[in-house]
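Have a look at the structure below, then the notes.
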Amino acid sequence: MTSPVPPVLYSFRRCPYAMRARLALRVAGIACELREVKLANKPDAMLEASPKGTVPVLVLPDGKVIEESLEVMHWALERSDPEDWRERGDAQLIARNDGPFKHDLDRYKYPERHGSDPQAHRQSALETLRDLDARIALSGQLCGKTRGLADMAIMPFIRQFAATDRTWFDAQDLPALRAWLDGHLASELFTSVMTRYTPWQPGDAPVWFGR
């Protein structure tokens, strides 16, 4: 009997959008052929599948392409959701992360790209961080006592923000948020999706993710 053909996932290890897609695929137990991308030299096969040129890109066996990270998460969890992540999602909270907070994050982390005042954007983002800290302090996670879709959709962006200046981040009065972040970063789930791979080139032997 022929084994089913797995999806192909174009990814970049450090991209928070790609991280959250990998987290959902991993917890859902969906195996993929993972193709690590070098963003400065994007493979033609990825650009043919998704001309917008950003990761993640999930190419399904039937040729359908899913090119938005939240759509990848929902696609994976609709097929298998062993931890009931979809019960602990919050679309409004995720939209705030992907909109205003990401706007501030980019202009804090990459001021030279945006001609921005990084300190002003760091201060603006702090309002979101304080709200998340208060929410986590109530129950341990963003939508209850255990991790869910909202946590995994947002955590990679908080990781990126914290890493920009970890000394400053640790000095803020955000004890619940710091404990939440550090707990997820130390988890088996997160470490399992952060393996380093050589950028993919046509003809390379497949790299299996989730097997």
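The values are calculated or read from the model by the stated rules, or taken from the named source; none is laboratory data. These numbers were taken from a predicted model, which means no experiment stands behind them. Please note: Cβ atoms are built from the backbone with ideal geometry, for glycine as well, and neighbour counts cover all protein chains shown.
Among the residues of segment 127-148, none qualifies, meaning not one is under 30 Å from V37 (Cα atoms) and in a helix (DSSP H, G or I). Test P206 against the criterion of being part of a loop (DSSP other than H, G, I, E, B) and surrounded by 14 or more Cβ atoms within 10 Å (Cβ to Cβ), and give yes or no. Taking the combined requirement at face value, the residue does not satisfy it.
Of the conditions (1) in the same structural domain as R178 (by TED's automatic domain parsing); (2) exposed (fewer than 15 other Cβ atoms within 10 Å of the Cβ); (3) touching a residue at least 60 places away in the same chain (Cβ under 8 Å), A134 clears all except one; give me its number. Result: A134 fails condition (3) only. The residues of segment 1-23 that are closer than 17 Å to T54 by Cβ, buried (at least 19 other Cβ atoms within 10 Å of the Cβ) and not aromatic (F, W, Y), listed by number, are V8, L9, S11, C15, P16, A18, M19, R20, A21, R22. The residues on offer are R196, R147, and the sole one that is among the basic types (K, R), closer than 20 Å to D98 by Cα and either in the same structural domain as A24 (by TED's automatic domain parsing) or in contact with a strand residue (DSSP E or B) (Cβ under 6 Å, 6 or more places away or on another chain) (or both) is R147.
Which residue out of L39, L58, L34, L105 is surrounded by 19 or more Cβ atoms within 10 Å (Cβ to Cβ), within 18 Å of P16 (Cα to Cα) and in contact with a Cys (Cβ under 9 Å, 6 or more places away or on another chain)? Lay out the reasoning, then the answer.
Working: L39 fails: surrounded by 19 or more Cβ atoms within 10 Å (Cβ to Cβ); L34 fails: in contact with a Cys (Cβ under 9 Å, 6 or more places away or on another chain); L105 fails: in contact with a Cys (Cβ under 9 Å, 6 or more places away or on another chain).
Selected residue: L58, the only one of L39, L58, L34, L105 that is surrounded by 19 or more Cβ atoms within 10 Å (Cβ to Cβ), within 18 Å of P16 (Cα to Cα) and in contact with a Cys (Cβ under 9 Å, 6 or more places away or on another chain).
Before we move on, is D173 under 23 Å from L70 (Cβ atoms) and at pLDDT 95 or above? Spell out the reasoning first.
Numbers: under 23 Å from L70 (Cβ atoms): no; at pLDDT 95 or above: yes.
For D173, the condition - under 23 Å from L70 (Cβ atoms) and at pLDDT 95 or above - is not met.
Any idea which residue in segment 61-92 is surrounded by the fewest Cβ atoms within 10 Å (Cβ to Cβ), counting only those that are of a type in the set (D, E) and farther than 17 Å from C143 by Cα?
Of segment 61-92, the ones of a type in the set (D, E) are 62, 67-68, 71, 78, 81, 83-84, 87, 90.
Now restrict to residues that are farther than 17 Å from C143 by Cα: 62, 67-68, 71, 78.
Values: D62: 7, E67: 19, E68: 17, E71: 13, E78: 10.
Applying the filter and picking the extreme gives D62.
Residues checked against (1) charged (D, E, K, R); (2) surrounded by fewer than 17 Cβ atoms within 10 Å (Cβ to Cβ); (3) more than 19 Å from the chain's Cα centre (by Cα):
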residue: R147; (1), (2), (3): yes, no, no
residue: F161; (1), (2), (3): no, no, no
residue: L174; (1), (2), (3): no, no, yes
residue: Q201; (1), (2), (3): no, yes, yes
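Condition check: in contact with a helix residue (DSSP H, G or I) (Cβ under 6 Å, 6 or more places away or on another chain) and farther than 28 Å from E33 by Cβ. Does D117 satisfy that? Reasoning before the result, please.
On the way: in contact with a helix residue (DSSP H, G or I) (Cβ under 6 Å, 6 or more places away or on another chain): no; farther than 28 Å from E33 by Cβ: yes.
Against the criterion (in contact with a helix residue (DSSP H, G or I) (Cβ under 6 Å, 6 or more places away or on another chain) and farther than 28 Å from E33 by Cβ), D117 does not qualify.
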